[in-house]
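So the structure is just underneath, and the comments pick up after that.
The values are calculated or read from the model by the stated rules, or taken from the named source; none is laboratory data. Just so we're clear, the structure is a prediction, and the values are computed from it rather than from any experiment. Note: ideal-geometry Cβ built from the backbone for every residue, glycine included; neighbour counts use all protein chains shown. Side chains included, ligands, DNA and RNA excluded: accessible areas come from the protein's heavy atoms. Shrake-Rupley method; radii C 1.70, N 1.55, O 1.52, S 1.80 Å.
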Amino acid sequence: MRVLVTGGAGYIGSHTAVELLEAGHDVVVVDNLCNGSEVALQRIEEITGKGVDFARADIRDREAMDAVFAKHDIDAVIHFAGLKAVGESVGKPLAYYENNVNGTLVLCQAMEAAGVRRIVFSSSATVYGSEAPVPYVETTPRGTTSNPYGTSKAMVEKLLEDLVVADERWSVTLLRYFNPIGAHPSGKIGEDPRGIPNNLMPFIAQVAVGRRDELTIFGNDYETADGTCERDYLHVVDLAVGHLKALEVAGDPGISVYNLGTGQGISVLEMVNSFTRVTDVPVPYRFGARRAGDLPAFWADASKARKELGWVAEKTLDDMMTDTWRWQSGNPEGYR
Ligand code: NAD
Ligand code: WQD
């Protein structure tokens, strides 16, 4: 297949491009580089020994998207491009709806015009909202999202559902990721946040490498085993393989939705302790106040992906720590 990967210069997109190329697919990347790096694309080529066609373009630019579809005979789209900072989205809702919702709208219009009706979308566990029973299961309806980022994901899911209702030739797969972490085992590509990391794993990695003094653990008075929040962390390479499976197995017309997670909750303290145990690098931390909007604990029921896609998260927490550290210690400033 020739696959258009939007956002392919970013964290999850770059890892997915590697898996696609290694499975024999061709990859075309569209990315405006607002949070991605061209160096990541070079590294993908180093890892796989294969070329990536790259168009620096914005998915909201209809002319540019039409040109991409005219130039390449695309069979399917994996759509990662979007903004993803939860806190930032509260202050900039218009930017988030513009990029994530309107961006997807324009992308789908260009796909429709080109006769490409197969899309795999990067959704998020956040669409379950705060009331859903844990573990989250796909049969639970979307809940009330608590920030514009999450709402934009729910809106795009709905947009794509409506598309399938209107035209049964469309094939849509919604992948709801839990907490992707880690890096490619080569150490050549990984997560490279700009500014202060919002997420736990890159923050731990930047403390370990000396870019930040200490980690603040947001709250230790939750009703969990050790008082800190629990999440379902999965290795980004497992997540990338999940996209490959979705593309190869779930290609029938209609809509399908899958959780991609390990099915296991890990606490913030366990994360810090296992990083230090595996890498032997200390991570100074202190306990701080709870972060607004955080839920105490959630993880995936990942049995549907196992049954229907034949996908399970295979890598261990130790793999996640080892690979994060190989990437961060080898690239202390990321791609810069
Ligand atoms: P990322 O920021 O590393 O990658 C996104 C890429 O999209 C970047 O390279 C950026 O430059 C590009 N981009 C953004 N807006 C664009 C636009 N309008 N036109 C073209 N390119 C654009 O993020 P990521 O962690 O790789 O996430 C990928 C997708 O997965 C996002 O849609 C995100 O919401 C979703 N997701 C991520 C997580 C997570 O924890 N990382 C969890 C659930 C869902
Ligand atoms: C994990 C845990 C924090 C940083 C977010 C989005 C979600 C999805 C994944 C895209 C929490 C704690 C964190 C720090 C800390 N993204 N923490 N100190 O909040 O589960 O999910 O990313 O869809 O939508 O909301 O992930 O990595 O931010 O936090 O103690 O400096 O680590 O409180 O318990 P989260 P996270």
Subject >> the range 43-71: number of residues that are assigned to a loop (DSSP other than H, G, I, E, B) and either among the acidic types (Asp, Glu) or open to solvent by less than 30 Å² (accessible area, probe 1.4 Å) (or both) >> reply: 5
**OP:** Return the residue satisfying two criteria in turn: it lies in the range 195-218 and is free of Cβ contacts under 8 Å to residues at least 24 places away in the same chain and part of a loop (DSSP other than H, G, I, E, B), and of such residues it is nearest to ligand 1 (Cβ to nearest atom).
**Re:** Asn199
**OP:** Pick out the one residue from Asp252, Asp221, Asp192, Asp232 that is open to solvent by less than 10 Å² (accessible area, probe 1.4 Å) and touching a residue at least 24 places away in the same chain (Cβ under 8 Å).
**Re:** Asp232
Original post:
Can you name every residue in the range 125-153 that is modelled with pLDDT of 95 or more, open to solvent by 20 Å² or more (accessible area, probe 1.4 Å) and small (Gly, Ala, Ser)?
Top reply: Gly143
Subject >> Positions within the range 283-318 being more than 13 Å from ligand 2 (Cβ to nearest atom), surrounded by fewer than 17 Cβ atoms within 10 Å (Cβ to Cβ) and not in a loop (DSSP other than H, G, I, E, B), in sequence order >> reply: Ser303, Arg306, Lys307, Glu308, Asp318
**OP:** Mind telling me which of the residues Val29, Val68, Val18 ends up being touching a strand residue (DSSP E or B) at 6+ places or on another chain (Cβ under 6 Å) and touching a residue at least 40 places away in the same chain (Cβ under 8 Å)?
**Re:** Val68
Original post:
Inside the range 171-187, can you point out the residues that are part of a loop (DSSP other than H, G, I, E, B) and buried (at least 21 other Cβ atoms within 10 Å of the Cβ)?
Top reply: Phe178, Gly182, Ala183, His184
